[in-house]
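Every read-out reported here was derived from the displayed coordinates using simple, explicitly stated rules and does not represent laboratory data. Fair warning: this is a prediction, and the values are worked out from it, not measured in the lab. With ideal geometry, Cβ positions are generated from the backbone for all residues, glycine too; neighbour counts draw on all protein chains shown.
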Amino acid sequence: MERKDFIKLSSLGFLGLYSCGISNLNMSKKTLAIQLYTVRDSISKDLEKTFEKLAELGFTEFEIYGYNGKFFGKTAKEFKQILSDNGLKVISSHHQTGITNKENGTLLQNWDQTLDDLNYIDSKYAVCSYLPEVERTHENYKKLPEILENAGKISKQNGIQLAYHNHDFEFLKMDEQRSYYDFILESTSSDLVKMELDLYWISKAGLDPLTYFEKYPKRFPLWHVKDMKYVTKDFTEIGNGTIDFKRIFEAKEKAGLKHWFLEQDSSDKDIFESIKISKKYIFEHDFFIK
């Protein structure tokens, strides 16, 4: 048995079945994915050990962050080998606009090379992840759709889908009729610019994801799934907070959901303990894409 198969089977508790000859089980329904920002402290200490721990927990698909010409300090070739060695797959990668951050790996800086490297590691999505506070001006928001459209067009030509990830600040009012988030949705092509909806941040802003699914169907192929504490509104494990995930997941077809990622920005526990708690809730409620 190859290492990657061993990790996958052991993480799901199927080694006993494997030894009995049942090795062709279809695990695709139980694929778990995580945004690696969740374990950034662990990654900073030991990238490969972190990947092994996630694989042992059953998380075999990743959304990555921090590309700046390299992946966590690794070349595309080195990084792809690490993924292969652990039976892991990158679905999506986070990037900033490049308006103020002039590093490689942003939408406005050396985007063609970024897409080449994402293709090399077989990533399907590139996501504009975050607007630093200095970029959250009315003038920059007005420019943002054009930046996204241009990057989305180049991405599409290279076989990668661009998306935009929200926080809560995009839901501030742009004018009397709409928020900045609505402006981005209305001013970009639904084909070139999809949305990665962060269920925590839209909920913290006091808005209903289903309202957006109805208004912009099939526009939300990616989600961040994380929960919010009752009083403090801090991050917490899935199922330990206020968000009604059952209701939201029942609308996944209207949203156009293709992939979702567990994310927890911070925790009052060891982060891997938090991940285990969320995983248990995910399995109990069968939040998988059929």
Q: Could you check how many residues of the range 245-290 are within 26 Å of Y125 (Cβ to Cβ) and acidic (D, E)?
A: 5
**Q.** Residue identified as within 22 Å of E263 (Cα to Cα), more than 14 Å from the chain's Cα centre (by Cα) and of a type in the set (S, T, Y) among T137, T97
**A.** T97
Q) How many residues does the range 97-120 contain that are buried (at least 20 other Cβ atoms within 10 Å of the Cβ), at negative phi, not in a strand (DSSP E or B) and not charged (D, E, K, R)? A) 6
Q. Right, Y125: closer than 26 Å to S203 by Cα and among the aromatic types (F, W, Y) or not?
A. yes
Q.
Just to be sure I understand, how many residues within the range 230-270 are assigned to a helix (DSSP H, G or I) and either in contact with a Phe, Trp or Tyr (Cβ under 6 Å, 6 or more places away or on another chain) or buried (at least 16 other Cβ atoms within 10 Å of the Cβ) (or both)?
A. 6
Q | Qualifying position, being out of contact with any strand residue (DSSP E or B) (no Cβ under 7 Å at 6 or more places or on another chain) and surrounded by 15 or more Cβ atoms within 10 Å (Cβ to Cβ), among S42, S92 | A | S42
Q. So which residues in the range 176-188 are in a loop (DSSP other than H, G, I, E, B) and either among the β-branched types (V, I, T) or within 10 Å of R219 (Cα to Cα) (or both), if there are any at all?
A. T188
Q. Inside the range 82-113, can you point out the residues that are of a type in the set (S, T, Y) and farther than 24 Å from L47 by Cβ?
A. T97, T100
Q) Given (1) free of Cβ contacts under 8 Å to residues at least 24 places away in the same chain; (2) touching an Asp or Glu at 6+ places or on another chain (Cβ under 7 Å); (3) of a type in the set (S, T, Y), where does T106 come up short, assuming only one miss? A) (2)
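Counting just the residues of the range 202-229 that are hydroxyl-bearing (S, T, Y) and farther than 23 Å from D268 by Cβ, which one comes out surrounded by the most Cβ atoms within 10 Å (Cβ to Cβ)? So that I can check it myself, show each step before the final result.
Let us first name the residues in the range 202-229 that are hydroxyl-bearing (S, T, Y), namely 203, 211-212, 216.
Next cut, farther than 23 Å from D268 by Cβ only: 211-212, 216.
On the way: T211: 10, Y212: 22, Y216: 18.
So, considering only residues that are hydroxyl-bearing (S, T, Y) and farther than 23 Å from D268 by Cβ, the one surrounded by the most Cβ atoms within 10 Å (Cβ to Cβ) is Y212.
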Q. Can you tell me how many residues in the range 153-186 are more than 19 Å from the chain's Cα centre (by Cα), acidic (D, E) and surrounded by 18 or more Cβ atoms within 10 Å (Cβ to Cβ)?
A. 1
Q) Which of the residues belonging to the range 63-87 are touching a residue at least 60 places away in the same chain (Cβ under 8 Å) and not acidic (D, E)? A) Y65, S84, N86, G87
